[in-house]
Amino acid sequence: MEIRFQEGGYKKWQADILLVPALEGENCLKKHPELDAACPWLAVAPAMRDVRHSAGELAVIYGHPDLNIPRVLFLGLGKEESFTLQDLRLMVGKALQKCREIRLSSVLLPLSILDALPCGRDRLLEEVIYAAHLSLYEGHFLRKKDETAPKGPDIFSIGVTEPILASKKAAIRGSHAAKATLLARKLANFPANMLTPADFADKAESLAEKHGLNCRVLDEKDMLDRGMGALLCVGQGSVHPPRLIVLQHQPEGKADEPPLVLVGKGICFDSGGISLKPAAKMHQMKSDMSGAAAVLAAMTVIAEEKLPKHVVGILACAENMPGGASVKPGDVVYAMNGESIEITNTDAEGRMVLADALCYAQTDYAPAILVDIATLTGACAVALGDELAGVFSDDVFLVEHIKAAGQTAGENVWPLPLWKNYAKKLESEIADICHTGPREGGAINAALFLAHFVDEVRYAHLDIAGVDWQEKGTALCPKGATGFGARTLIELARGGLE
Ligand code: BES
Ligand code: MN
Ligand code: ZN
């Protein structure tokens, strides 16, 4: 969908339908005298008598077909006191889907309409554009095209009287954020047979070239040279060998700045390995690379927007499969930092690939801030459900930044403790550390294991198991991968972290 700014005012604007988000209560046409004057037919339309702008209400009002704007769609937002940006996003999503259903090809939002809502127009515009893009994503990209299915809208116009640079920037931010979320979603929805670690590396390389990022891919030989036994052991049971993908955004003048390093778990398929998972829902484990997908997607936007910050993205990709060559419970491997790790459950593979990726991030990039994102533990999903990701960090400022970035992104994160007393539960009889602890406190145990591989660096771990996948579709996301985290990471790179 193309985003356009149309200038000149109500008399000049052209579209199939006008979008009017409105709060319940005071007569909307009184609040917007310009709209009332431009569409005098609205006030007398019999259907208007039933329109309340209550939360969730969509109302299409028809004018004469020869008018330059022949229809108005009211998006009910409910009472001002309970207004949230998420309500607005969902209503915009529903509205655009409605426009598709009635086969309209262009919509127009008068920018001044947003001034009647809390928050500020540019902030709202960013979210409207974000939501509009998300709502039109269908996800079934491997199906034959249904030529009879409704398409569009193709054009989303923002109606203004004169050019406004700040609003243009807001609209671009919204489009970019949506592009990232949709890319992360698409990658995570890809079947594992079509997105192996090597395919992921190819994809990263081509996106890096397109967006002007540096890209380096380490294969098994490179990993062996660097002593990455923890990452390597996860992939050794698969015919698709692991890859460590490194993307670097190094803007002019910032090359020597210690970077923000983003590390993503990229398990292209998690069968559990020898500690095989049950069959039910195992297919969802094609999205066990959601963290890596979020990092890759965020990096493309960070580069495209030429953000003035040195940022490195590291994707730790492997396929966790059972087989004759697989790592076994009881095996001991060496991580890149020389620590020996006893493996007791091959299904706890994410923390293994991340351990080496975190070591590599520190030795090769000396980060100012290190953040990993991973579909790490079922325990986190049990603790926080499907709307909250867990954030673990000893750095309270970093936690606040991540929470704030998440809030801007509409991706909620909630702090969980790095409870040091539990570290003893990771003690091994025969190695320096065991990668799993007891079932109780599973998300914390995993986070403590990761923290064991991080030295004196500002560090946070995001556990997105549970939020990376949606059982039921919404107007903003069909069933399946959600793309969670891509936008939060962009916001993190944007914001003044220091
Ligand atoms: N990828 C899973 C975690 C997961 C579960 C993500 C459900 C999304 C939805 C991870 O690799 C895993 O299997 N974790 C184990 C760890 C356990 C063996 C210590 C878990 O959570 O059960
Ligand atoms: Mn697993
Ligand atoms: Zn996993």
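The values are calculated or read from the model by the stated rules, or taken from the named source; none is laboratory data. A quick note: this is a predicted structure, and the numbers were derived from the prediction, not measured. Note: ideal-geometry Cβ built from the backbone for every residue, glycine included; neighbour counts use all protein chains shown.
For (1) touching a residue at least 60 places away in the same chain (Cβ under 8 Å); (2) within 23 Å of the chain's Cα centre (by Cα); (3) not assigned by TED's automatic domain parsing to the domain that holds TYR360, each residue gets a yes or a no:
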residue: LEU244; (1), (2), (3): yes, yes, no
residue: HIS249; (1), (2), (3): yes, yes, no
residue: GLU257; (1), (2), (3): yes, no, no
residue: ALA279; (1), (2), (3): no, no, no
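Counting only helices (runs of 4 or more DSSP H) that sit completely within the stretch 385-498, those holding 2 or more residues that are within 15 Å of ligand 1 (Cβ to nearest atom) correspond to 442-451.
Within the stretch 342-362, can one find any residue that is assigned by TED's automatic domain parsing to the domain that holds ILE444, in contact (Cβ under 8 Å) with a residue 40 or more places away in the chain and basic (Lys, Arg)? Write out each step before concluding.
Step one: filter the stretch 342-362 for residues assigned by TED's automatic domain parsing to the domain that holds ILE444, giving 342-362.
The next check asks that each one be in contact (Cβ under 8 Å) with a residue 40 or more places away in the chain; those that pass are 342-362.
When the remaining residues are screened for being basic (Lys, Arg), the result is 351.
Within the stretch 342-362, one or more residues are assigned by TED's automatic domain parsing to the domain that holds ILE444, in contact (Cβ under 8 Å) with a residue 40 or more places away in the chain and basic (Lys, Arg).
Taking the numbered list (1) within 27 Å of LYS203 (Cα to Cα); (2) within 16 Å of ligand 3 (Cβ to nearest atom) in turn, THR363 passes all entries but (2).
In this structure, is ILE369 in contact with a helix residue (DSSP H, G or I) (Cβ under 6 Å, 6 or more places away or on another chain) and more than 13 Å from ligand 2 (Cβ to nearest atom)?
Numbers: in contact with a helix residue (DSSP H, G or I) (Cβ under 6 Å, 6 or more places away or on another chain): no; more than 13 Å from ligand 2 (Cβ to nearest atom): yes.
For ILE369, the condition - in contact with a helix residue (DSSP H, G or I) (Cβ under 6 Å, 6 or more places away or on another chain) and more than 13 Å from ligand 2 (Cβ to nearest atom) - is not met.
Specify which of the listed residues (VAL261, VAL327) is within 16 Å of ligand 3 (Cβ to nearest atom) and at pLDDT 95 or above.
Values: VAL261 fails: within 16 Å of ligand 3 (Cβ to nearest atom).
VAL327 is the lone residue from the list that is within 16 Å of ligand 3 (Cβ to nearest atom) and at pLDDT 95 or above.
Of the candidates GLY385, GLY390, GLY378, the single residue that is crowded, with 20+ Cβ neighbours inside 10 Å and either touching a Ser or Thr at 6+ places or on another chain (Cβ under 8 Å) or farther than 25 Å from GLN248 by Cβ (or both) is GLY390. Only one entry of LEU142, LEU111, LEU96, LEU165 meets the criterion of being more than 19 Å from the chain's Cα centre (by Cα) and modelled with pLDDT under 95, and that entry is LEU142.
Hey, does the stretch 427-434 have a residue that's within 16 Å of ligand 2 (Cβ to nearest atom) and hydroxyl-bearing (Ser, Thr, Tyr)? No, the conditions are met nowhere in the stretch 427-434.
Per-residue answers, yes or no, for (1) within 16 Å of ligand 2 (Cβ to nearest atom); (2) surrounded by 15 or more Cβ atoms within 10 Å (Cβ to Cβ); (3) closer than 30 Å to LEU125 by Cβ; (4) not acidic (Asp, Glu):
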| position | (1), (2), (3), (4) |
| --- | --- |
| ALA405 | no, yes, yes, yes |
| LEU418 | no, yes, no, yes |
| GLY442 | yes, yes, no, yes |
| LEU448 | no, yes, no, yes |
| VAL454 | no, yes, no, yes |
| GLY466 | yes, yes, no, yes |
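In the set ALA297, ALA292, only one residue is within 16 Å of ligand 3 (Cβ to nearest atom), closer than 28 Å to GLY253 by Cα and touching a Leu at 6+ places or on another chain (Cβ under 6 Å); that residue is ALA292.
Only one entry in ILE274, ILE314, ILE267 is within 16 Å of ligand 2 (Cβ to nearest atom), in a strand (DSSP E or B) and either among the β-branched types (Val, Ile, Thr) or not assigned by TED's automatic domain parsing to the domain that holds THR436 (or both), namely ILE267.
Applying the criterion of being free of Cβ contacts under 8 Å to residues at least 60 places away in the same chain and not basic (Lys, Arg) to the residues of the stretch 29-38, the residue that is nearest to VAL107 (Cα to Cα) is ALA38.
Being under 22 Å from ALA292 (Cβ atoms), in the same structural domain as LYS328 (by TED's automatic domain parsing) and not aromatic (Phe, Trp, Tyr) is a property that GLY410 has. Based on what the data block shows, is ARG103 touching a Phe, Trp or Tyr at 6+ places or on another chain (Cβ under 6 Å) and among the charged types (D, E, K, R)? For ARG103, the condition - touching a Phe, Trp or Tyr at 6+ places or on another chain (Cβ under 6 Å) and among the charged types (D, E, K, R) - is not met.
Applying the selection to the stretch 146-174, what residues are in contact with a His (Cβ under 9 Å, 6 or more places away or on another chain) and part of a helix (DSSP H, G or I)? Scanning the stretch 146-174 gives a single hit, GLY174. Given the conditions (1) under 26 Å from ASP270 (Cβ atoms); (2) more than 16 Å from ligand 1 (Cβ to nearest atom); (3) of a type outside the set (D, E, K, R), report the number of the one that THR375 does not fulfil. THR375 satisfies all of (1) under 26 Å from ASP270 (Cβ atoms); (2) more than 16 Å from ligand 1 (Cβ to nearest atom); (3) of a type outside the set (D, E, K, R) except (2). Filter the stretch 314-369 for residues that are of a type in the set (S, T, N, Q) and within 16 Å of ligand 1 (Cβ to nearest atom); which is surrounded by the most Cβ atoms within 10 Å (Cβ to Cβ)? Residue satisfying both the conditions and the ranking: ASN320. Here HIS401 meets each of (1) under 27 Å from MET336 (Cβ atoms); (2) under 24 Å from the mean Cα position of the chain (by Cα) with one exception, condition (1).
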